[in-house]
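Visitor: Let me begin by handing over the structure; questions about it come next.
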Amino acid sequence: DAGVIQSPRHEVTEMGQEVTLRCKPISGHNSLFWYRQTMMRGLELLIYFNNNVPIDDSGMPEDRFSAKMPNASFSTLKIQPSEPRDSAVYFCASSWGGAASSIQTQYFGPGTRLLVL
Amino acid sequence: TQLLEQSPQFLSIQEGENLTVYCNSSSVFSSLQWYRQEPGEGPVLLVTVVTGGEVKKLKRLTFQFGDARKDSSLHITAAQTGDTGLYLCAGALRDDSWGKLQFGAGTQVVVTP
C-alpha cells in the first residue's frame, strides 16, 4: 500500500512567491497533520485536521500560512507570500482515530524541502 | 524552549556497543512515543508507552516510561549500523484536549562499523 504522498519533494522559490505543498494521506485515515522541521526549532505541528475539519491551527505561524482539506484524500498547505525564514522541511502525516490522537500511529510522508531565496 | 529535552544531542558509537538516549520534562504526559528518522525521510514510530513505569522491548531496543510520566529512555543493546538515525521522543500532555504531540529536538545517533 502507498504511504503518505507529498509533492513536490523539493521546492526552491524566491521571496514573495506563493508556495503550495500537497499531501495525499493513507486511504482510510481520518486524521491529517502538517508539521514543519528546522534545525533551530525541531519538529513543530502546524495544523491538525480530523474528518477534514481543522481542529487545531494554533501552530500556524501567521496569516501567510493557510491549509485546506477539501476531501479525505487531499490537503494543501499554502504560503503566500513566502519568506526566507519559511525555509524548512514540511511533513504531512496521517492516522486513524480522533480524540486520543496521541496514542495513534502517525504515518509521515517523505517531506517537502522548501528553500526560499 | 522545548517541553521535552533530549540528551545527548549527538552520540557516536561503534557497532556492538550499548547506548541510552534520554527524554526529560517537568510536565506530566499521558503518553509518550519514540520515533526514528533517517535522512531524507519522515519519522517512523517505534513505540508508544502510556503507563508510568512501563517498559517495552523491541528486539534490541528497550523503552522505559518514568513512574511520574515525566521522562523516558531508550536503550539500544549491541548497536548496529542500521540503528543510525535521528531519535525523537514525542509526548501528549496530560491536560491536552486532543492529544497533541510535543516533540523533542532529537538525538542524532551514528553507529560506525
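Visitor: Which residue is surrounded by the most Cβ atoms within 10 Å (Cβ to Cβ), if the candidates are limited to the range B:1-21 and must be part of a strand (DSSP E or B) and of a type outside the set (A, V, I, L, M)?
Guide: Filtering first and then ranking leaves B:6.
Visitor: Further question: Quick one: how many residues across the range A:3-33 are out of contact with any helix residue (DSSP H, G or I) (no Cβ under 9 Å at 6 or more places or on another chain), facing chain B (nearest Cβ under 9 Å) and not in a loop (DSSP other than H, G, I, E, B)?
Guide: Residues meeting the conditions: 1.
Visitor: Taking only the range A:17-68 into account, find how many residues are at negative phi, of a type in the set (Gly, Ala, Ser) and over 13 Å from the mean Cα position of the chain (by Cα).
Guide: Residues that pass the stated criteria total 2.
Visitor: Do we have any residue at all in the range B:15-38 that's free of Cβ contacts under 8 Å to residues at least 40 places away in the same chain, closer than 20 Å to residue A:95 by Cβ and under 13 Å from the mean Cα position of the chain (by Cα)?
Guide: No, the range B:15-38 contains no residue that is free of Cβ contacts under 8 Å to residues at least 40 places away in the same chain, closer than 20 Å to residue A:95 by Cβ and under 13 Å from the mean Cα position of the chain (by Cα).
Visitor: Restricting to the range B:41-63, what's the tally of residues that are more than 10 Å from chain A (Cβ to nearest Cβ), assigned to a loop (DSSP other than H, G, I, E, B) and over 17 Å from residue B:81 (Cα atoms)?
Guide: Of the residues in that region, 4 qualify.
Visitor: For the list (1) facing chain A (nearest Cβ under 10 Å); (2) within 12 Å of residue B:90 (Cα to Cα); (3) out of contact with any Cys (no Cβ under 7 Å at 6 or more places or on another chain), I need the number of the one condition that residue B:5 fails.
Guide: (1)
Visitor: Now, a different point. Can you work out which of the residues in the range B:22-40 that are small (Gly, Ala, Ser) and buried (at least 16 other Cβ atoms within 10 Å of the Cβ) is farthest from residue B:85 (Cα to Cα)?
Guide: Residue satisfying both the conditions and the ranking: B:30.
Visitor: For residue A:55, which of the numbered conditions (1) surrounded by 14 or more Cβ atoms within 10 Å (Cβ to Cβ); (2) at pLDDT 95 or above fails to hold?
Guide: Status for residue A:55: all satisfied but (2).
The values are calculated or read from the model by the stated rules, or taken from the named source; none is laboratory data. The model shown is predicted, which means the values in this text are computed figures rather than measured ones. Ideal geometry is used to build each Cβ from the backbone, glycine not excepted, and the neighbour counts take in all protein chains shown.
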